[in-house]
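Note sheet for the following structure.
The values are calculated or read from the model by the stated rules, or taken from the named source; none is laboratory data. Values in this document were obtained by computation on a predicted structure and should not be read as measured data. A quick note on method: Cβ atoms are made from the backbone with ideal geometry, for glycine too, and the neighbour counts reach across all protein chains shown.
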Amino acid sequence: MIADARRFATIATPMTPSALPRTLADWLAHCERLHPATIELGLDRVRTVADRLGLRFECPVITVAGTNGKGSTCALIESIARQAGWKTGVYGSPHLVHFEERCRIDGAAVAAADLLPHFEAVEHARCAFEPDVSLTYFEFTTLAILRLMSTSGLDVAILEVGLGGRLDAVNIIDADCAVITSIDLDHTELLGDTREAIGFEKAGVLRAGKPAIVGDPVPPQSVIDQATAIGADLWRFGVDFNFSGDRQQWGWAGRGRRYAGLAYPALRGANQLVNAAGALAALTALRERLPVTAQAVRSGLAMVELPGRFQIVPGQPTLVLDVAHNPHSVAALAANLDAMGYYPRTHAVFGAMADKDLGPMLGKMLPLVDRWLFTDLPTLRAASAEALLARWRELPTPPVPARASTHADPLAALQAALEGADPTDRIVVFGSFYTVGGVLKNGVPRLHAQHLAGSAG
């Protein structure tokens, strides 16, 4: 369980109207200076500002919490709802390349200019009353995006919870349906070092009398206990809904509804069926307020997009992008890579935060990787490329010894991988959002092995 959050005095003074930031970049820089901590869990400060803003949603709200699969579940719900004709809004974090990715209205990232009045409104609410309120970057930007969404005439709001649940800023909004995806060990210094402790924190998003979709096939008992204690309408995977399938198609069955002969989701990976099952359960639970047709389900599954989730980019060599950044998600990545078939060699570009459980993450990939390219990342939280290399050297030597090198940034690592790869090889970029975002900042790379291009003449 999370200890009581530390209290800080306000360190910023109110800004005069003429001194307010003019651009999104300036606002984000302002947000970074407001609070001495990157993370301060707790709802009192953010709820105070939300109340001053009069923040509320008139449409159904779906909250999605969990360790892995949150972004994919949000995207699946969004895609199906849009195919049913509903206007959707999605909030998620972090972003890969541009901050505006954190908010999608009707499937498109919000424009920077559209965010500016909402940042100004949060600043006014934060400072125009006594006492001033100190907000973290995450809290301030979350409030701005929630305010934008609440004024956008949405039919449904889909909110991805940050690293926790109970004390996460998103939890100031009472959801009409809460989804809890897979739960595993991550952010243990804040959430606890057992699945039961982490499950308790995630279950803080559940609400009395409202659907509680638990997609983890083996959920912590703490989640079930909390749902029971508050009287939530519990939907358990394997009990209240389930899926089955073969190599060609799959089906879903839940309370009072069944879908058969579904094509597999456009998001790749076996783990996406678990996410899709939870998404369908949420939409089924809200079918009185947000009805969707079977055709919307089929089209939504086929058309869903979300960069960086086992994203396979065709080329020579093949490029795989995945934001797997903890042991559980890396294990899923390894299984998905193994299912891709034979590649002569696999080159892995890897960068991660220093607080991650790096040994198991590297260990799960050892049997698959022939060449490691460790990269620095542009944040103080990241492990350096040299630190990653040192951690890798501490692991048992795989059956086929691999090579390793260090690089200044993800693009440099990707270029080095390409220079050493054959056209039939595979390059995997994984780890932090900064790692995948670093290779996407100029657009999706289309790889062409240099010696292949040279042989064309």
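Scan the range 270-313 for residues that are touching a residue at least 40 places away in the same chain (Cβ under 8 Å) and either over 26 Å from ASN242 (Cα atoms) or surrounded by fewer than 16 Cβ atoms within 10 Å (Cβ to Cβ) (or both) and jot them down. Residues satisfying the conditions are ALA270, ARG289, PRO291, THR293, GLN295, MET303, GLU305, PRO307, GLY308, ILE312, VAL313. Do we find a residue being buried (at least 23 other Cβ atoms within 10 Å of the Cβ), modelled with pLDDT of 95 or more and in contact with an Asp or Glu (Cβ under 7 Å, 6 or more places away or on another chain) anywhere in the range 136-158? Among the residues of the range 136-158, at least one is buried (at least 23 other Cβ atoms within 10 Å of the Cβ), modelled with pLDDT of 95 or more and in contact with an Asp or Glu (Cβ under 7 Å, 6 or more places away or on another chain), which makes the answer yes. Tell me whether the range 131-145 contains one or more residues that are in contact (Cβ under 8 Å) with a residue 24 or more places away in the chain, in contact with a Pro (Cβ under 8 Å, 6 or more places away or on another chain) and under 23 Å from MET353 (Cβ atoms). No, the conditions are met nowhere in the range 131-145. Restricting the range 86-139 to residues that are among the acidic types (Asp, Glu) and in a helix (DSSP H, G or I), which is nearest to GLY437 (Cα to Cα)? Out of the qualifying residues, it is GLU101.
Listed here are the residues, each with its yes/no results for (1) assigned to a helix (DSSP H, G or I); (2) buried (at least 22 other Cβ atoms within 10 Å of the Cβ); (3) among the aliphatic types (A, V, I, L, M); (4) not assigned by TED's automatic domain parsing to the domain that holds GLY438.
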residue	(1), (2), (3), (4)
LEU321	no, yes, yes, no
LEU333	yes, yes, yes, no
LEU337	yes, yes, yes, no
GLY341	no, no, no, no
PRO344	no, no, no, no
VAL349	no, yes, yes, no
LEU362	yes, yes, yes, no
VAL369	no, yes, yes, no
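The residues of the range 43-69 that are in a loop (DSSP other than H, G, I, E, B) and surrounded by 23 or more Cβ atoms within 10 Å (Cβ to Cβ), listed by number, are GLY66, THR67, GLY69. Only one of the numbered conditions (1) farther than 21 Å from ALA121 by Cβ; (2) modelled with pLDDT under 95; (3) assigned by TED's automatic domain parsing to the domain that holds GLU130 is violated by ALA84, and that is (2). Just one of the listed residues (ASP106, ASP184) is at pLDDT 95 or above, outside the structural domain of ARG381 (by TED's automatic domain parsing) and touching a strand residue (DSSP E or B) at 6+ places or on another chain (Cβ under 7 Å), and it is ASP106. Select from the range 145-155 the residues that are over 19 Å from the mean Cα position of the chain (by Cα) and not in a loop (DSSP other than H, G, I, E, B) and list them in ascending order. ARG147, LEU148, SER150, listed by residue number.
Of all residue pairs spaced 6 or more apart or on separate chains, those with beta-carbon atoms under 7 Å, a first member in the range 92-103 that is assigned by TED's automatic domain parsing to the domain that holds ALA169 and buried (at least 19 other Cβ atoms within 10 Å of the Cβ) and a second member that is polar (S, T, N, Q) and part of a loop (DSSP other than H, G, I, E, B) are ARG102/SER93.
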